[in-house]
Structure formats: C-alpha cells, structure tokens
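*Asks:* First, the structure itself, so that you have it in front of you.
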Amino acid sequence: MAVFNCKNADDVLKAVKDYNISFVQFWFIDVLGTLKSFQITPRELESAFEEGMGFDGSSITGFTKIQESDMVAFPDPTTFQLVAWRPTDRPVARLFCDVRNPDGTPYTSDPRYVLRKMLKKAEDMGYTSYVGPELEFFLFANSSEPITLDVGGYFDAPPLDLANDVRRDIIFALESMGIAVEYSHHEVAPSQHEIDLRYAEGMAMADIATTYRVVVKEVARKHGCYATFMPKPLFGENGSGMHVHQSLFKGSKNAFFDESSPTHMSKEGRSYIAGLLKHAKEFVCVTNQWVNSYKRLVPGYEAPVYIAWAQRNRSALVRVPMYKPGKEAATRVELRSPDPACNLYLAFAVMLGAGLKGIEEGYELAAPVEDNIFSMTESEMSSRGIDALPGSLNEAVVTLESSELMKEVLGEKLHAALVENKKEEWDNYRMQITEYELERYLPSL
C-alpha cells in the first residue's frame with residue numbers, strides 16, 4: 001500500500017484519481033476524544049477543500065447548542081492516507097479535519113485547535129514539541145466480558161504470548177499508512193500488549209496515535225477478538241497506561257539537554273518537569289478522564305500516583321531516562337500517569353501547557369526521588385514533600401474546575417463542557433449498585 005506525503009489539496013486530488021479511491025473518510029474528534037467520521041465520494045472532495053463539509057454540531061459531545069448547531073469540517077491535506085483495513089482494489093482514504101464555524105473562523109472547542117494553539121505558543125517561545133506515547137491495550141474474546149486469550153506476562157514469547165500474529169498484522173497495517181513502529185511486546189498482565197510508536201511532532205503524533213487506536217481495533221476484529229484501551233479491565237492485574245515521552249527542540253538542538261548538568265537535563269528541561277509536577281493534579285482529569293481510570297491509578301500495580309520525579313525509579317510520576325553518550329537528541333521527559341483512553345489532543349495540549357508554564361515562570365525542580373515511593377509511609381512522603389494524584393474522577397474534576405491554567409489551555413468553553421460532562425459521569429457512576437456491594441452487604445445488612 002502506498003504511503004503519501006501530500007502537502008496541499010492538489011496533491012490529494014491527484015492521489016485520489018491515480019489510486020481510484022472509492023470513498024474518502026473525514027475524521028474529527030469530539031471533546032471526549034471519540035473519533036467521528038463521515039464519508040464523501042471523490043467528486044465532492046474539491047469543493048470540500050474550498051468550502052468544507054457542514055454537519056450538526058449539536059449532536060457532537062461538547063460541541064454547540066441546538067440554536068447554534070451548524071459546524072463545518074475542513075480536511076487537512078497533509079493527513080491523507082489510505083486506510084489499511086479496507087479493500088485494496090477500490091481503496092478508501094482518510095483525512096483528519098479541522099472544525100470551523102460557518103463564517104470560517106476556527107471552532108475553539110475543537111480538540112485539534114486546542115492542541116494547535118499550544119503548539120503555536122511553544123513555537124512563539126522558540127520550541128518545537130515532540131511526543132512519543134506508549135499505548136498499551138488488552139485483547140479479549142469479545143466486547144461484553146474480559147475473557148483473556150493468554151496467560152503471558154512481560155516480554156513473554158509463545159506459547160505464553162498468543163498474539164504475535166495480531167501484533168504483527170497491526171504493525172504491517174500501521175507501516176502501510178506511513179506510521180513508524182519501534183517495537184512491540186507482550187505486557188505484564190494476561191492478554192495485555194504494547195506497540196511503541198516512533199516519536200513525532202505534537203499534532204502529527206496526536207493524529208498518528210488516534211489512527212493507531214483505530215488500526216488496533218480493526219485488526220483485532222479481523223482476527224476474531226476484541227481490542228480495548230480501557231484503563232483497568234481486570235481486577236488484580238496491571239491496567240493499561242500511556243507513558244508519554246516529551247521533548248522540546250530549538251531547531252536541530254534538544255532544548256532539554258545540557259552536558260554540564262549531573263542529570264544532563266537543562267534548566268529549561270528541569271523547569272518543564274517542575275511544571276508537569278506542579279500542575280499534574282489540575283490536568284489529570286484530562287489525561288485520565290474516565291471513572292475507570294482511577295481503578296488503575298492505585299499503588300502497587302506499576303501506575304505512578306505520587307508526584308515526584310526520578311531517573312531510574314519507575315514509581316515516580318515523571319522519569320528522565322538515563323542519558324546515553326552520543327544520544328543528546330534522545331534526552332526527554334516521560335510522564336507515566338496518562339492512560340490510552342484519553343482525548344489525545346487535549347492530553348498532549350495540557351501536558352505541554354503545564355511544561356511551558358514551568359519554563360515561563362522559571363519553576364524550580366525539587367530533588368529527584370530514587371527510593372521506592374510505594375514502600376514509604378505517609379509520614380515519610382510528607383517529610384519529603386511528596387503529594388499524590390486525585391484518587392477518583394470526582395476529586396480530579398473538582399481540581400480541574402478550579403484550575404486557571406487549564407481554563408487558559410483548554411479555553412473556557414471547552415473547559416466548562418468537559419467539567420460538566422465529567423461531573424455527570426461521576427454522578428451516574430456513584431448511583432450504581434455494584435456486585436461488590438451486593439456480595440458484601442446484602443447478606444448481613
């Protein structure tokens with residue numbers, strides 16, 4: 001399958017004709033990160049580039065109200081690719097879209113706009129932002145119950161790992177769409193897997209990771225199983241995380257690298273980390289946005305919940321991978337708390353916003369914590385100034401609601417819509433009667 005590098009509408013129109021494209025899917029994202037899509041025929045494509053394609057924004061979560069419902073999707077020609085899971089004789093292509101108002105102005109609650117705004121801020125400060133996420137997922141027998149397909153563990157090979165063929169076909173599909181894969185392996189929990197993507201510029205990576213989630217699900221379906229990015233589907237097992245590697249470059253130079261620093265992390269890099277730590281409680285409702293996310297964020301299952309940083313210590317929220325001589329470009333910061341079910345565009349935006357705030361304000365970075373935080377007592381953590389992330393979606397949304405930085409990063413309208421949606425989700429959840437409650441209380445109360 002061909003890989004395209006279209007730069008403008010003319011390049012796309014030529015590719016559609018040359019490859020006899022049958023349909024073009026227009027993709028965009030709602031406030032919760034759910035992929036939305038509609039298809040057009042090739043004959044509509046030229047006018048779509050010029051005028052966009054209208055849709056009812058009031059039917060999209062977090063978008064407009066009924067009285068102001070008209071929205072317009074404008075395709076981004078640089079995102080043109082054939083979709084790997086459709087027939088090759090009359091292939092189907094996809095284009096990511098930017099959402100605009102009817103007058104052509106950007107719709108400020110479009111997640112792509114929010115991320116683009118933060119990337120522009122970084123650019124104005126002299127930086128290009130690069131991101132490398134590690135999205136874990138589970139493969140189950142079906143979507144109605146978490147029936148595992150193997151008993152493999154971390155880096156296990158067959159016969160304990162029974163999904164080599166699935167991961168292989170996912171990688172082939174990704175590479176056919178121009179998405180570079182670094183490596184793949186079985187993860188810690190049964191039926192849990194990870195495929196790591198090569199880092200890319202922030203917007204490109206948000207598009208790539210969104211495509212990755214679709215490809216994983218489609219390829220799994222063709223293999224007769226179900227892929228899920230649910231953070232914590234199995235009780236007593238590790239959940240799925242999305243460690244996010246981040247760096248800032250000035251031209252070809254890594255702004256995070258400083259050869260004279262003991263950690264090889266520059267002042268800008270240290271302030272960026274300090275920004276992530278200072279504002280982690282404010283943005284965790286975006287990077288971990290579901291009730292289920294907080295079933296993963298508990299001590300003891302490799303999920304970092306304590307607000308500290310380190311180099312080798314994987315119990316810390318932020319890790320700085322050890323510097324390797326000659327690998328200056330690889331100097332980076334790894335935030336370990338996000339999960340792969342988040343809105344990728346908003347997650348990348350709030351992380352970048354927190355880090356840039358740290359640089360702008362010159363935040364000072366506390367000393368690293370190389371001891372196992374999970375084994376510390378509360379008094380030990382308190383004496384070392386180690387705080388914890390919110391323990392529930394309710395705590396997280398309350399912190400998000402009061403955050404002035406998150407209002408600035410997300411925009412007041414989207415911030416308010418997200419807070420409202422998460423409060424509603426928490427209310428719906430807390431009114432449920434669970435099997436645990438029935439088993440625990442019904443016989444004795």
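*Asks:* Can you list the strands (runs of 3 or more DSSP E) lying wholly within the stretch 28-113 that have 3 or more residues being surrounded by 13 or more Cβ atoms within 10 Å (Cβ to Cβ)?
*Replies:* 35-40, 70-75, 92-100
*Asks:* Only one of (1) of a type outside the set (Ser, Thr, Tyr); (2) farther than 30 Å from PHE229 by Cβ; (3) surrounded by 14 or more Cβ atoms within 10 Å (Cβ to Cβ) is not met by LYS7, so which one is it?
*Replies:* With respect to (1) of a type outside the set (Ser, Thr, Tyr); (2) farther than 30 Å from PHE229 by Cβ; (3) surrounded by 14 or more Cβ atoms within 10 Å (Cβ to Cβ), LYS7 is out only on (3).
*Asks:* All but one of (1) within 30 Å of ALA416 (Cα to Cα); (2) within 23 Å of the chain's Cα centre (by Cα) hold for PRO102, so report the exception by its number.
*Replies:* (2)
*Asks:* Which one of the conditions (1) without any contact (Cβ under 8 Å) to a residue 24 or more places away in the chain; (2) crowded, with 21+ Cβ neighbours inside 10 Å; (3) basic (Lys, Arg) does LYS327 fail to meet, given that it meets all the rest?
*Replies:* Failed condition: (2).
*Asks:* Also, I was wondering about something else. Just to be sure before I move on: is ARG167 under 29 Å from VAL350 (Cβ atoms) and among the basic types (Lys, Arg) in the structure I sent?
*Replies:* No: the conditions fail for ARG167.
*Asks:* Filtering the stretch 221-247 down to residues that are in contact with a Gly (Cβ under 8 Å, 6 or more places away or on another chain) and farther than 30 Å from GLU145 by Cα, which residue is surrounded by the most Cβ atoms within 10 Å (Cβ to Cβ)?
*Replies:* GLN246
*Asks:* Could you please find all residues in the stretch 114-132 being in a loop (DSSP other than H, G, I, E, B) and not aliphatic (A, V, I, L, M)?
*Replies:* GLY126, TYR127
*Asks:* Can you tell me which of (1) buried (at least 16 other Cβ atoms within 10 Å of the Cβ); (2) out of contact with any Cys (no Cβ under 7 Å at 6 or more places or on another chain) is the one GLU439 doesn't meet?
*Replies:* GLU439 satisfies all of (1) buried (at least 16 other Cβ atoms within 10 Å of the Cβ); (2) out of contact with any Cys (no Cβ under 7 Å at 6 or more places or on another chain) except (1).
*Asks:* While we're on this one: Looking only at helices (runs of 4 or more DSSP H) that lie completely in the stretch 338-445, which have at least 1 residues being at pLDDT 95 or above?
*Replies:* Answer list for the stretch 338-445: 344-361, 393-401, 404-410, 412-430, 435-441.
*Asks:* Considering (1) surrounded by fewer than 24 Cβ atoms within 10 Å (Cβ to Cβ); (2) in contact (Cβ under 8 Å) with a residue 60 or more places away in the chain, say which one ALA206 fails and leave the rest.
*Replies:* Every condition holds for ALA206 apart from (1).
The values are calculated or read from the model by the stated rules, or taken from the named source; none is laboratory data. Predicted model, so just to flag it, every value in this text is computed and none were measured. So basically every Cβ, Gly included, is an ideal-geometry build from the backbone, and we count neighbours across all protein chains shown.
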